[in-house]
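Heads up, the thing below is written out as structure tokens.
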Amino acid sequence: MVSRALALGLLFLFAVERSTSLAQQPDKMTGLEGQIRVGSTHGGPIHQGVDDSQPLTNTAFVVKQRDRVIASFETDGQGRFHVALPAGKYFVSKKDWKGIGGNYGPFEVDIVAGQVKKVEWKCDTGMD
């Protein structure tokens, strides 16, 4: 009788633990992540083996569908970002950028449901 109660108790604990661990697993996220770099970081000719870009740090970007802003994000100290987005086609560009002096997008991206699209984009300072 005791062993039967013990077996039922263990079975109950196993079921509770399993349902708790399943509930704590997040749904697969849909969105966009990556790094944005900027170059040329110095004037003059480009030398082979010398990186002419650097991470575009602490910079605000907007994510648009047509002319509507869907989301925004800011790059971190390494130019990296992560933003949750529903599936769809988007255009990403530097916030409040007027298209003068360099090139900071728009970058076109297609997001698929249940996937995180990984990108590496390079902006252009306009310095040659």
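The values are calculated or read from the model by the stated rules, or taken from the named source; none is laboratory data. Nothing here was measured: the structure is a model prediction, and the numbers come from that model. Virtual Cβ from ideal backbone geometry, glycine too; neighbours counted across all protein chains shown.
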Quick check: anything in the stretch 32-50 at pLDDT 95 or above, in contact with a Phe, Trp or Tyr (Cβ under 8 Å, 6 or more places away or on another chain), surrounded by 12 or more Cβ atoms within 10 Å (Cβ to Cβ) and assigned to a loop (DSSP other than H, G, I, E, B)? no
Residues of the stretch 53-102 satisfying the condition of being among the small types (Gly, Ala, Ser), over 14 Å from the mean Cα position of the chain (by Cα) and in a loop (DSSP other than H, G, I, E, B): GLY77, GLY99, GLY101, GLY102
Kindly evaluate ASP27 against the criterion of being at pLDDT below 95, closer than 30 Å to GLY126 by Cα and of a type in the set (D, E, K, R). no
Would you mind stating whether GLU108 is modelled with pLDDT of 90 or more, surrounded by 12 or more Cβ atoms within 10 Å (Cβ to Cβ) and part of a strand (DSSP E or B)? no
Kindly list, by first and then second residue, each pair from a residue in the stretch 112-128 that is over 18 Å from THR57 (Cα atoms) and surrounded by 15 or more Cβ atoms within 10 Å (Cβ to Cβ) to a residue that is acidic (Asp, Glu) and at pLDDT 90 or above, limited to pairs with Cβ atoms under 8 Å and residues at least 6 apart or on different chains. VAL116/GLU33; LYS117/GLU33; LYS117/ASP110
Of the residues in the stretch 51-75, those that are at pLDDT 95 or above and of a type in the set (Asp, Glu) come to GLU74
Name every residue in the stretch 61-83 that is surrounded by 13 or more Cβ atoms within 10 Å (Cβ to Cβ), free of Cβ contacts under 8 Å to residues at least 24 places away in the same chain and of a type in the set (D, E, K, R), in order of residue number. ASP76
Within the set of pairs 6 or more residues apart or between chains, which connect a residue that is more than 28 Å from GLN115 (Cα to Cα) inside the stretch 84-101 to a residue that is surrounded by 13 or more Cβ atoms within 10 Å (Cβ to Cβ) and at pLDDT below 95 with Cβ atoms less than 6 Å apart? TRP97/TYR104
Residue list for the stretch 84-105, restricted to those being of a type outside the set (Val, Ile, Thr) and crowded, with 17+ Cβ neighbours inside 10 Å: LEU85, TYR90, SER93, LYS94, TRP97, TYR104, GLY105
